[in-house]
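Structure record follows, encoded as structure tokens.
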């Protein structure tokens, strides 16, 4: 089988990490894989290092239509059995070529929030023959029918967890790993820290926010008092955040209300892999990933008080935190393995053929 994967970007995001993981896993199954991206980025090097056939067409402006001709030529030379797109621009660029060539076109859903601004993404899903989502919530958000939609949960490489068990920090540490974009509610995270900093039993707790992005300067300014008080640290982007995650006690991920809802969050899977209890927004695919009260605690979006209460509970009750972390790791190994993700994706490809 020959599969062409088209993506809008190869930047340092969760979707791009999953794309890279899928390519490497398909290659190990003796499936011929080619990747074409409309932008380069962090994962370009990883794909090339793994001998994945990768080409890039850098768009020079909003109305640059060169990718359409480039992709048409790639399809004509590569002769894929299936085309799998990871972005609305990729889908629009290849749609006509697939239709004329009678090549199955599979789209992707990576989040569970379709705002009015995402009408083009909803239209894009309608152009595809099938749509793979990493959550049931994603199919619902994009109005993809059960006839057309398939759920394939993200995979997580257990090998990313340090081979020797990390020692937790001496003082409790709460970590949030996320891109600094409007989608992630860094303000809520900071406000929750402010509510906790003077509470009894929380004096020694420290917080780490791992990630960068277009909002980094704004987030840094908003958190200036916490940074100066040495309660919060913002180390920026880390090539491998697992070294910090595995030494923490609680993993947090909150999304901005009215702007974003997670599909299957890679950050949450990283927390589960390191046996951390999860505190995350009660929305989207988080309801499928985290079992409230068993592997973590779900909180309302945009509610720093509820977030602070959940974090405090897990920091002060170590036995509860450890039991949730262990159950989270068990769920991860069962439901979010790379093997399961790869096999389910191949099933969808085979179905199309």
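Taken together, the values in this text are just the output of simple stated rules run on the coordinates, not laboratory data. What you are looking at is a predicted structure, and each value in this text was computed from that prediction instead of being measured. Cβ: placed from backbone, ideal geometry, glycine included. Neighbour counts: every protein chain shown.
Short-range pairs are left out: with C-alpha atoms under 8 Å and at least six residues apart, the relative contact order of the chain is 16 percent. Relative to the current alpha-carbon distance between residue 140 and residue 316, full extension at 0.36 nm per residue lengthens the span by 59.6 nm.
What angle do you read, to the nearest 10 degrees and between 0 and 90, between the alpha-carbon axis of helix 318-335 and the longest principal axis of the chain? On a 0 to 90 degree scale, this one is about 10. When a/c reaches 1.5 or more, the comparison of a/b and b/c decides; with that in mind, is the range 3-80 rounded, prolate or oblate per its Cα gyration tensor? Oblate is the answer for the range 3-80, as a/c is 1.5 or above yet b/c matches or exceeds a/b.
May I ask for the percentage of alpha-carbon pairs in the range 243-302 that lie more than 19 Å from each other? Every Cα pair in the range 243-302 considered, those over 19 Å come to 21 percent. Cβ crowding within 10 Å, taken as a proxy for footprinting-reagent exposure, orders 250, 152, 259 from fewest neighbours to most as 259, 152, 250. A convex hull fitted to the Cα coordinates of the range 196-342 yields 122 cubic angstrom per residue. A crude spin-label estimate for the pair residue 353 and residue 123, with each label 7 Å from Cα along the Cβ direction, gives 3.3 nm. The alpha carbon radius of gyration of the chain, expressed as a multiple of 2.2 N^0.38 Å, is 1.01.
Cβ-to-Cβ counts within 10 Å put 84, 183 in ascending order as 183, 84, the fewest first. Computed over the range 125-261, the range of Cα coordinates on each principal axis works out to 53, 37, 28 Å, biggest value leading.
Find the relative contact order for the range 159-335 and round it to a whole percent, using C-alpha pairs within less than 8 Å whose residues are 6+ positions apart.
Relative contact order comes out at 25 percent.
Over all distinct Cα-Cα pairs of the range 1-134, the Kirkwood formula returns a hydrodynamic radius of 14.9 Å.
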